[in-house]
Amino acid sequence: MKTNKSSFPWWIFIIVGGFFLMNHLSNTPDNSYHYSDKVFSLISSVENEWYDKELKDFAKKNGFELTIEYDDTLKITRRLNSGEQFDAVWLSNSIWMYTLDSSKVRVSNTKSTSINPVVFGVKKSKAEELGFIDKEIYTQDIVDAVSSGKLKFNMSNPITTDSGASAYLGILTTLAGSPEVLTSSMLDNQELKDKLKTFFSGIERSSGDDQYLEDMFINGDFEAVFTYESSIISINQSLSHKNLEPLYALYPKDGVSISDSPIGYIDQKNEKKKEEYEKLVEYLLSKEGQDLLSDSGRRTWFGGINNKADTKVFNPKWGINTTTYISPIKFPATAVIQKALSLYQTALRKPVHVVFCLDYSGSMSSGSRYNDLIDSMDYILSDRASADLLQFTDDDLVDVIPFSYAADEVWNSANNLERENVLSKIKNRNPGGGTALYPSVVEALKLLNKEDSSKYHTSVIVMTDGEGNIGSFEELKKYYKESKSIPVYSIQFGDASIEQLNRISDLTNGKVFDGTTNLIDAFMEVRGYN
């Protein structure tokens, strides 16, 4: 397979820098990985997990043992910067390589393994209705459809994901007039901010990770999604198996964001490990390795066009276009990106109305559970979250329903001052009693069903350390079928029943987060979904 790496403008990744979560890195505890000279250890973005068997089989045939840990890309950078040791790292985008602390993580011999454009996927009937089929599309065309209320879409959170950040920066750049270089002063333009805010009001659901975005779309009733081309392909494959309408991919002529899936060697001064890494990279870049990547919907040609792409994967009936050159957007300087992301979190994103259901049952007095809950809510409701761009704003509505024997009174807050009062109530309440898990969720849904979903993202966040023993899932299920489709996200810790939480998640197209190790990390993660 012939590749032309020189035709791809790699410099666009260098200037992005490592803004995301860097403020949190210094606070991350050192949970060092037990490094072994006998095993080659790779840490990889979770999107590569499908490649696990092939890589391990290759390593075994070549005389070495390979272990692979999978995690979200941003968590990987945090883990490496906190001191965990691995022999190699495989991320979604080169921009994250530059977030790594070079004094702790010496990455070298980095190679791009594939290319993944970030594109708009619209249900084909909707794309036809909007006149988007078989014509050149510009970003403004999509923006106009969203701004006029003709199109709603889902996307991953720009603050926590690579695809979300890339999508946002692409929209920002084009709405700013596609300048040669986006500057900080351009972000002060009120007309630009108004356009962006109107555009993001068209988001139906936001996701904190790209795999969940796929699952959420497949399991829900949505008309468009802004994500990786490979995700559009994956979604369409699932929709086709269910005989459901596929998405049609749109590639704006004025620029598309691109991720390059780099793998890099982490130098531990071990020549044997270096040789094993080189074998692994050689395999990934071989015809066999590249064909596997291509089969998964990743582009393995670097720039230019490919008239021989497998149409069973890169299906032109889905709008997947491999015969036209893709112009990558030019990212601005790191300081401008930082300002842009802060602007998104504080002024541009669609406001949220979230209800926290907090467990105050008797089991909360066990060990550090109660104190962990207090500390986590203090993080979420105070200025501490602003260091990670996860803070609520005065445009957001945040309510709390404490529960034990029953779902108690609602503690409302609509601004930072009121949240301080709510936080004081959270800290002053003592645990004791049963676990009215299901009734508390019903009460939260009743509250959110009165909300205008065109103005707010609505969601419920449940924190529980035990098993619901008051009320029933059937009561919740009956009520949910008659209400709006509001996601319920659960944070599990202590002895919480994962079976109960999974049933709630499946019913509401939500998700369960693991807080058993670090409750604040779980709260940080769930904030990316609302």
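Brief remarks follow.
- When V181, V146 are checked against the criterion of being over 18 Å from I235 (Cβ atoms), in contact with a Gly (Cβ under 8 Å, 6 or more places away or on another chain) and not assigned by TED's automatic domain parsing to the domain that holds T300, V146 stands alone in meeting it.
- Note on the stretch 36-77: among residues that are farther than 21 Å from Q211 by Cα and of a type in the set (D, E, K, R), the one that is surrounded by the most Cβ atoms within 10 Å (Cβ to Cβ) is K56.
- In the stretch 96-121, of all residues being outside any strand (DSSP E or B) and in contact with a Pro (Cβ under 8 Å, 6 or more places away or on another chain), the one that is modelled with the highest pLDDT corresponds to T113.
- Residues in the stretch 78-97 that are within 20 Å of the chain's Cα centre (by Cα) and among the small types (G, A, S): S92, S94.
- Some residue of the stretch 161-169 being farther than 30 Å from D291 by Cβ and either buried (at least 23 other Cβ atoms within 10 Å of the Cβ) or modelled with pLDDT under 90 (or both): yes
- Verdict on L390 being outside the structural domain of K197 (by TED's automatic domain parsing), closer than 27 Å to I159 by Cβ and in contact with a helix residue (DSSP H, G or I) (Cβ under 6 Å, 6 or more places away or on another chain): yes
- Selection status of I133, touching a residue at least 12 places away in the same chain (Cβ under 8 Å), more than 24 Å from T334 (Cα to Cα) and assigned to a loop (DSSP other than H, G, I, E, B): yes
- Out of D141, D194, sole residue that is of a type outside the set (S, T, Y), more than 24 Å from E245 (Cβ to Cβ) and outside any loop (DSSP other than H, G, I, E, B): D194
- Selection from the stretch 512-525 of residues that are in a loop (DSSP other than H, G, I, E, B) and surrounded by fewer than 23 Cβ atoms within 10 Å (Cβ to Cβ): T516, T517, N518
- Residues of the stretch 36-52 that are over 25 Å from the mean Cα position of the chain (by Cα) and not in a strand (DSSP E or B): S36, D37, K38, V39.
- In the stretch 408-511, counting only helices (runs of 4 or more DSSP H) that sit wholly within it, the ones holding 1 or more residues that are touching a strand residue (DSSP E or B) at 6+ places or on another chain (Cβ under 9 Å), at pLDDT below 90 and surrounded by 16 or more Cβ atoms within 10 Å (Cβ to Cβ) span 416-428.
- For V146, the stated conditions do not hold, so it cannot be described as among the hydrophobic types (A, V, I, L, M, F, W, C), more than 29 Å from I320 (Cβ to Cβ) and outside any strand (DSSP E or B).
- Filtered residues of the stretch 190-203 (kept if surrounded by fewer than 21 Cβ atoms within 10 Å (Cβ to Cβ), in contact (Cβ under 8 Å) with a residue 40 or more places away in the chain and either more than 25 Å from K484 (Cβ to Cβ) or in contact with a strand residue (DSSP E or B) (Cβ under 7 Å, 6 or more places away or on another chain) (or both)): K193, K195, I203
- Scanning the stretch 482-520 for residues that are of a type in the set (D, E, K, R), without any contact (Cβ under 8 Å) to a residue 40 or more places away in the chain and within 22 Å of V354 (Cβ to Cβ) turns up E482, K484, R503, D506, D514.
- Unmet requirement for E223, which otherwise passes all of (1) farther than 30 Å from I329 by Cα; (2) touching a Lys or Arg at 6+ places or on another chain (Cβ under 7 Å); (3) of a type outside the set (K, R): (1)
- Any hit, the stretch 442-460, residues being in the same structural domain as Y370 (by TED's automatic domain parsing), free of Cβ contacts under 8 Å to residues at least 24 places away in the same chain and farther than 18 Å from I401 by Cβ: yes
- Some residue of the stretch 351-368 being among the aliphatic types (A, V, I, L, M), closer than 23 Å to A165 by Cβ and either in a loop (DSSP other than H, G, I, E, B) or touching a residue at least 24 places away in the same chain (Cβ under 8 Å) (or both): yes
- Residues (part of a loop (DSSP other than H, G, I, E, B) and either crowded, with 23+ Cβ neighbours inside 10 Å or not small (G, A, S) (or both)) located in the stretch 78-95: E84, Q85, F86, D87, L91, S92, N93
- Scope the stretch 159-174; condition of a type in the set (G, A, S), over 12 Å from G528 (Cα atoms) and in contact with a strand residue (DSSP E or B) (Cβ under 7 Å, 6 or more places away or on another chain); matching residues: S163, S166, A167, G170
- Cβ-Cβ contacts under 7 Å between residues 6 or more apart (or on different chains), taken from a first residue in the stretch 284-311 that is under 19 Å from I233 (Cα atoms) to a second residue that is crowded, with 19+ Cβ neighbours inside 10 Å and charged (D, E, K, R), are listed as G297/E229.
- Qualifying residue in the stretch 349-358 (condition: out of contact with any Cys (no Cβ under 7 Å at 6 or more places or on another chain) and surrounded by fewer than 14 Cβ atoms within 10 Å (Cβ to Cβ)): no
The values are calculated or read from the model by the stated rules, or taken from the named source; none is laboratory data. As the structure is a computational prediction, the values presented were derived from the model and not from experiment. Cβ: placed from backbone, ideal geometry, glycine included. Neighbour counts: every protein chain shown.
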